[in-house]
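To keep things clear, I will list the structure first and then write my remarks on it.
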Amino acid sequence: MKKTLILMFIFLLIFFCAVSLTPLRPTVIIQNETNANLYLQADESVFGIEPMPEEVDKIMKASPDVIVPGGEMRLTTSFFSIMSEGYEFNIGWLIGGRYSYNATGGGGQNFLLSSKTGVCSVTLTIKPGYNNVEIINEVGGICLKKLVLIKEKY
């Protein structure tokens with residue numbers, strides 16, 4: 001009985017270490033190559049369904065993440081969106097100011113979460129101006145859902 005409990009504990013410990021160290025969620029890396037702060041908003045939503053007014057209000061009131069010039073940030077999706085079907089990962093940014101009236105640039109990019117096609121990691125290199133972004137797909141990796149670029153113009 002004692003050996004069984006010890007073996008079960010060791011198995012669970014190895015399992016949790018493997019799950020926490022293996023990147024099972026897709027990742028988006030944002031690099032700021034501008035001379036100003038980058039104000040970043042990211043959220044997840046059901047693909048093709050517009051958000052309710054309450055959700056829009058919540059998004060607008062949320063404080064954005066700030067990336068300093070030359071810095072980078074790593075964003076991952078939630079486990080809920082990985083387990084569900086038909087979700088998208090939305091990223092928007094403004095350069096130089098938190099609001100559009102005092103920003104010197106900005107843009108956005110959306111990704112569909114798919115279990116069939118796509119990549120596990122994407123690097124977005126933000127440059128000065130509006131919608132001036134370089135997208136680098138990093139091939140390889142193991143993840144439950146993959147990122148598929150949605151081509152929309154803002």
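The values are calculated or read from the model by the stated rules, or taken from the named source; none is laboratory data. Everything numeric here is computed off the predicted structure, so don't read it as measured data. Ideal geometry is used to build each Cβ from the backbone, glycine not excepted, and the neighbour counts take in all protein chains shown.
Numbers for the structure displayed
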| item | result |
| --- | --- |
| Some residue of region 31-38 being assigned to a helix (DSSP H, G or I), polar (S, T, N, Q) and exposed (fewer than 13 other Cβ atoms within 10 Å of the Cβ) | no |
| Condition broken by Thr117, with the remaining ones in (1) among the β-branched types (Val, Ile, Thr); (2) at pLDDT 80 or above; (3) closer than 16 Å to Ala42 by Cα satisfied | (3) |
| Number of the condition not met by Lys61 [criteria: (1) of a type in the set (D, E, K, R); (2) surrounded by fewer than 17 Cβ atoms within 10 Å (Cβ to Cβ); (3) touching a strand residue (DSSP E or B) at 6+ places or on another chain (Cβ under 8 Å)] | (3) |
| Any chance Ala42 is among the hydrophobic types (A, V, I, L, M, F, W, C), within 13 Å of Gly92 (Cα to Cα) and surrounded by 12 or more Cβ atoms within 10 Å (Cβ to Cβ) | yes |
| Output for region 124-147, where each listed residue is more than 15 Å from the chain's Cα centre (by Cα) and over 18 Å from Ser81 (Cβ atoms) | Lys127, Pro128, Gly129, Tyr130, Asn131, Asn132, Val133, Glu134, Val139, Gly140 |
| Condition met for Val28 (in contact (Cβ under 8 Å) with a residue 12 or more places away in the chain, farther than 27 Å from Val148 by Cβ and not in a loop (DSSP other than H, G, I, E, B)) | no |
| Subset of region 45-70 (residues that are modelled with pLDDT of 85 or more and within 14 Å of the chain's Cα centre (by Cα)) | Pro64, Asp65 |
| Odd one out for Ile150 among (1) surrounded by 11 or more Cβ atoms within 10 Å (Cβ to Cβ); (2) under 20 Å from Pro26 (Cα atoms); (3) more than 15 Å from the chain's Cα centre (by Cα) | (3) |
| Residue in region 14-24 that is among the aliphatic types (A, V, I, L, M), surrounded by 15 or more Cβ atoms within 10 Å (Cβ to Cβ) and not in a strand (DSSP E or B) present | yes |
| Index of the failed condition, Ser100 passing every other in (1) of a type in the set (Ser, Thr, Tyr); (2) within 16 Å of the chain's Cα centre (by Cα); (3) closer than 25 Å to Thr34 by Cα | (2) |
